[in-house]
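Right, one structure below, let's go through it.
Values in this text are rule-based calculations from the coordinates and carry no lab data. These numbers come from a predicted model, not from an experiment. Note that each Cβ is placed from the backbone with ideal geometry, even for glycine, and that neighbours are counted across all protein chains shown.
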Amino acid sequence: MKQALKILIVEDNLGDAELLLAELRRAGFDPQWTRVETEPDFLAELKKSPELVLSDFAMPQFSGLRAAALLQSSGLDIPFILVSGTVGEDMAVEAMKLGATDYLLKDRTARLGKAVEQALQQKRLRDERKRTEVELQKQLRELQRWHEATLGREDRIMELKREVNELLAAQNLPPRYTV
């Protein structure tokens, strides 16, 4: 059974987008996709929470680096893969600094399935880490609450022991507790 995947494709060439989709299908995905070419359309589609963004590097009205920067500034944690025929190493590094998960050359899209699997796995691991951190913080707050309650109780017990010893001393009796 193919894995359904909601994808936002930032690409000005429908043919290139279809090649990416064919590669994803070959890799076992069932892409549910939307293609955009402009920044306003990209921002509107981000609000629909895609599971993955595939972006061309250079387009007439938009760029992959701009898309990566917008995604990063949105605060959304969506894997972003840059796919281009023209990206050089410097631009690929810049894209990674802007939060891109990976980059591929258009003439080497056979690696797209593996790149998507890795990007989705990294996302699952980040989500699991966030859930674990939230749970640990919750448990830590509970432990701190119990610690404070226990310390308060121990202090009260020590105080009561002193009071008992004082009462016994007032009656000229030996202390019952060592404090």
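At 0.36 nm per residue, and after removing the present C-alpha to C-alpha distance, how many nm does the segment from T86 to L14 gain when stretched out fully?
Once the chain is fully extended between T86 and L14, it gains 24.2 nm.
Collect residues whose amide H, placed 1.01 Å from N in the peptide plane, falls under 5 Å from the amide H of F29; neighbours closer than 5 in sequence don't count.
Those qualifying (amide H under 5 Å, at least 5 residues apart or on another chain) are Q3.
Just to verify a number: FRET efficiency for K47 and V134, C-beta to C-beta distance, R0 = 25 Å, to 0.05?
Step by step, r from the Cβ atoms, then E = 0.55.
In whole Hz, what ³J(HN,Hα) sequence does region 37-54 give by Karplus (6.51, -1.76, 1.60; θ = phi - 60°), x for Gly and Pro?
Result, rounded to whole Hz: 10, 10, 4, x, 5, 4, 4, 5, 6, 4, 5, 8, 6, x, 8, 7, 10, 10.
Per DSSP helix of 4 or more residues, -39500 (n - 2.57); summed, then divided by the residues of the chain. What does that give at 222 nm, rounded to the nearest 500?
-19000 deg cm²/dmol
Going toward the positive end of the dipole of region 3-130, with +1 on Lys and Arg Cβ and -1 on Asp and Glu Cβ, which of L54, T86, T38 do you reach last?
L54
Could you work out how much longer the chain between Q144 and Q171 gets when fully extended? Use 0.36 nm per residue separation minus the Cα distance between them, nm to one decimal.
The Q144-Q171 span can extend by a further 5.6 nm.
Could you work out how much longer the chain between L151 and M1 gets when fully extended? Use 0.36 nm per residue separation minus the Cα distance between them, nm to one decimal.
Contour length minus the Cα-Cα distance gives 48.3 nm.
How much of the DSSP bridge set in region 3-130 is antiparallel, in percent, rounded to the nearest 5?
5 percent
Give me the percent relative contact order of region 3-130, please, defined on Cα pairs under 8 angstrom at least 6 residues apart.
The normalised contact order for region 3-130 reaches 24 percent.
Starting from the Cα gyration tensor of region 102-160, take the square roots of the eigenvalues, sort them a ≥ b ≥ c, and report rounded, prolate or oblate (rounded when a/c is under 1.5, otherwise prolate if a/b is larger than b/c, else oblate).
Here region 102-160 falls in the prolate category.
Among [x] 1.49; [y] 1.04; [z] 0.93, find the value of Rg/Rh (Cα atoms, Kirkwood Rh) that was calculated from the structure presented, and write down its label.
Here the calculated entry is [x].
Please name which of L167, W146, I157 has its Cα lying farthest along the dipole of region 133-179 towards the positive end, using unit charges on Cβ (Lys, Arg +1; Asp, Glu -1) and the Cα centre as origin.
L167
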